[in-house]
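Worksheet for the structure shown next.
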Amino acid sequence: MTSTTSTMTPPAGDAGRPAAAGASTGPAIAALITEAPVPQPTLAKTFAAMMAREFRVLRRNAVGTFTRAVMQPLLFVFVFTYVMPKIGGGFMFGGASTAAGAGGAAGVAASSVNFATILVPGLMASMLLMQGIMAVTFPLVMEFSWQRTIEDRALAPVPIGVLATQKIVAGAAQAFIGALIVFPIVLVVHAAGQAPHVHVTNWPLLVVILVTASLLTASLGLLLGTVMDPRKMQMLFAVILLPATMLGCVYYPWAALHQIRWLQYLVLINPMVYMSEGLRAVLTPGSAHMAMWAILTVLVGGTVIFGYLGARTFTRRVLN
Amino acid sequence: MTDSAMQPPAARATAGAGTAIRTEDLRKTYKTPRGDVPAVRGIDLNVPSGELFGLLGPNGAGKSTTIGMLTTLVLPTGGRAWVAGIDVVADPVGVKRRIGVVTQNNTLDMQLTVTENLEFRSRFFGLGTREATRRAHQLIDAFGLGDRRKAMATDLSGGQARRLLIARALVHRPEVLFLDEPTAGLDPQTRVNLWDILGVLHDQGQSILLTTHYMEEAEALCDRIAVVDHGEVLAAGTVDELKDGTGADTVITVRYEGEVPDGLAADTGLAGRPGVGKVETDHDRIRVFASEPDGVLGELVAAGARAGLTVRDAAQLKPSLETVFLNLTGREYRE
């Protein structure tokens, strides 16, 4: 230990700054400033770039996303429209003709409706909810926790509200795609004689229902993602997804609930009901369904309300 | 966000050209269930374009909150701030277009590769696809990430991630670059390497504001420094101005061959001399804090000789930013 402390004092002034980077990197770094393109950001360009980013990620994770999306509805239709009718004959889910079955309970309006017919719109609606939440809530909770990666996107040259809107649109696109994937599966998988009666007469209305339902689930996803405590994510299934699905007229039409009056009114608070019933109305007109005005009012109104609340909490959490 | 949002040109005119950052009594108080917590209590800054300005302060001093307000992600609760001449509250989008930000935490897009992180950021800032790709490659080469081009952002080392974060902040050639503790947690090589990069950027006229709690970093890099603690600027100026202005002492240390006997320190006659502060004895050495250090070393050597002790080594340490910093923040604690 000689001349102990003097090394601790760097030379004063400019000499204290390290010499320019090595000959190789120095000019390259300098060129980043001198030879930089001039960016002309517009809201549309930034929005489009953010959507392009979502689709790049979606494409990269395509196999995983597809598998996750398909397994639940595939197994569901397989068990309930193939296995059950085969092993049980008319027992339980056998379909229309037995008054005791779930399909039989639907016999309010059309006694010819089998369980597969009820499941097609129901499982598509369930898919919309799952995908909307998976695509928005889960990534958002990650982005807000730990490293707060949300700050990266928040620094893009657009208002925070646009960022929230982009999250909804991207989530809705994924939910929409999910529903389209489920459709052929629930259409094709069934035992002989158990084919669903799908008949679309109003294609534009089908698109409207699908789009508004997708936007509704994505808006709900945004709201949940901004209010959920990341440590309680597993509660999402128990408290939101499971009740929404089981009591969302996925496995039975709303009209059939008239046997249990209190439940028929209670489930009206569940947005899922209107998605299932909306798709039921346009895909399987043969089965009883809720009035279209009620369905559209809730789908559009719900999107606006959840979207507004979600964007508000989102902005509050991004800007602190 | 009401009146002023209607008149961005007026806001722009206020700060004037050639100013990278200006704040007037900037404040942030967080409302918590336990009451109001003031994080920043009235900060005034004026950073001309092209300057490398440092906010130096301990953890929790309010540095990150200040950067947060300047980069539009934290809403001020009082005062005003302009970045590149634009009011941060009235026109946050205008500010975001003109700034590059390197946050303390790793905010890379973990779903994307190194190249994609840069490409998409470029596209967020309005570059076309082809332009974005070209810019990404330029940045990758300049930051020495060539062999990690296709790596996912999750697979980068700490140093690589930090380089990519800085590269990403530069995609749109920001007018002002913000770096929140850019070298925290990095190994010494990576750290010096980043200093080099910041030096080159600064030489090219890039306005930079960085926060740090490393004195040597502030001392090595910054044109000017503001020492911040408890949400207030305690002192601001060049490193030399800070050293001169805060009454920090030169420290003279003499180490003898053996244990310093009692009374030797008194024998020097230094204690109580004008221009001399504290005289400390520490095993085999005596340390003197003096604002007028002339002759102190001689006295220490002579006193040693009288006591039969030879001097092993001696050092005269000019006040460092560290002594300045501890002086300032220490004073604050005593109040």
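The values are calculated or read from the model by the stated rules, or taken from the named source; none is laboratory data. Keep in mind the model is a prediction, meaning the values are calculated, not measured. Heads up, the Cβs are rebuilt from the backbone with ideal geometry, glycines too, and the neighbour counts pull from every protein chain shown.
Brief remarks on what is shown
- Restricting attention to the stretch B:136-152, the residues that are surrounded by 13 or more Cβ atoms within 10 Å (Cβ to Cβ) and closer than 17 Å to B:V171 by Cα total 11.
- Flag if B:T71 is farther than 18 Å from B:A236 by Cβ and surrounded by fewer than 24 Cβ atoms within 10 Å (Cβ to Cβ): no
- Residue match in the stretch B:168-175 (condition: in a helix (DSSP H, G or I), over 25 Å from B:G85 (Cβ atoms) and within 11 Å of chain A (Cβ to nearest Cβ)): no
- Qualifying position, being out of contact with any His (no Cβ under 7 Å at 6 or more places or on another chain), free of Cβ contacts under 8 Å to residues at least 40 places away in the same chain and more than 7 Å from chain B (Cβ to nearest Cβ), among A:A44, A:A36: A:A44
- Hey, A:F314 within 14 Å of chain B (Cβ to nearest Cβ) and either of a type in the set (A, V, I, L, M, F, W, C) or assigned to a loop (DSSP other than H, G, I, E, B) (or both) or not: yes
- Subset of the stretch B:255-266 (residues that are loosely packed, with under 15 Cβ neighbours inside 10 Å and either closer than 19 Å to B:P319 by Cα or among the charged types (D, E, K, R) (or both)): B:E257, B:E259, B:D262
- Filtered by the rule that a residue be more than 10 Å from chain B (Cβ to nearest Cβ) and either part of a loop (DSSP other than H, G, I, E, B) or of a type outside the set (V, I, T) (or both), the stretch A:137-163 gives A:F138, A:L140, A:F144, A:S145, A:G161, A:L163.
- Summed over the stretch B:118-164, residues that are facing chain A (nearest Cβ under 9 Å), assigned to a helix (DSSP H, G or I) and not charged (D, E, K, R) total 8.
- Within the span defined as the stretch B:97-106, every residue fails to be buried (at least 24 other Cβ atoms within 10 Å of the Cβ), within 13 Å of chain A (Cβ to nearest Cβ), within 17 Å of B:R173 (Cα to Cα) and among the charged types (D, E, K, R).
- Of all residues in the stretch B:108-135, exactly one satisfies the criterion of being over 17 Å from A:A49 (Cβ atoms) and buried (at least 24 other Cβ atoms within 10 Å of the Cβ), namely B:V114.
- Count - residues of the stretch A:53-80 that are in a helix (DSSP H, G or I), of a type in the set (S, T, N, Q) and more than 13 Å from A:M127 (Cβ to Cβ): 1
- Listed here are the helices (runs of 4 or more DSSP H) enclosed by the stretch B:227-335 that have at least 1 residues being of a type outside the set (G, A, S) and free of Cβ contacts under 8 Å to residues at least 24 places away in the same chain: B:239-245, B:321-334.
- Meets criteria (modelled with pLDDT of 95 or more, touching a Pro at 6+ places or on another chain (Cβ under 7 Å) and either acidic (D, E) or crowded, with 21+ Cβ neighbours inside 10 Å (or both)) for A:L216: yes
- Residue in the stretch B:108-116 that is more than 11 Å from chain A (Cβ to nearest Cβ) and modelled with pLDDT of 95 or more present: yes
- Where a residue in the stretch B:38-60 is on the phi > 0 side of the Ramachandran plot and its partner, wherever it lies, is assigned to a strand (DSSP E or B) and surrounded by fewer than 17 Cβ atoms within 10 Å (Cβ to Cβ), with Cβ under 6 Å and at least six apart: B:G42/B:D25
- Which numbered condition B:I252 misses (of (1) farther than 30 Å from B:V176 by Cα; (2) surrounded by fewer than 20 Cβ atoms within 10 Å (Cβ to Cβ)): (2)
- Filter result for B:V89 (in a strand (DSSP E or B) and at pLDDT 95 or above): no
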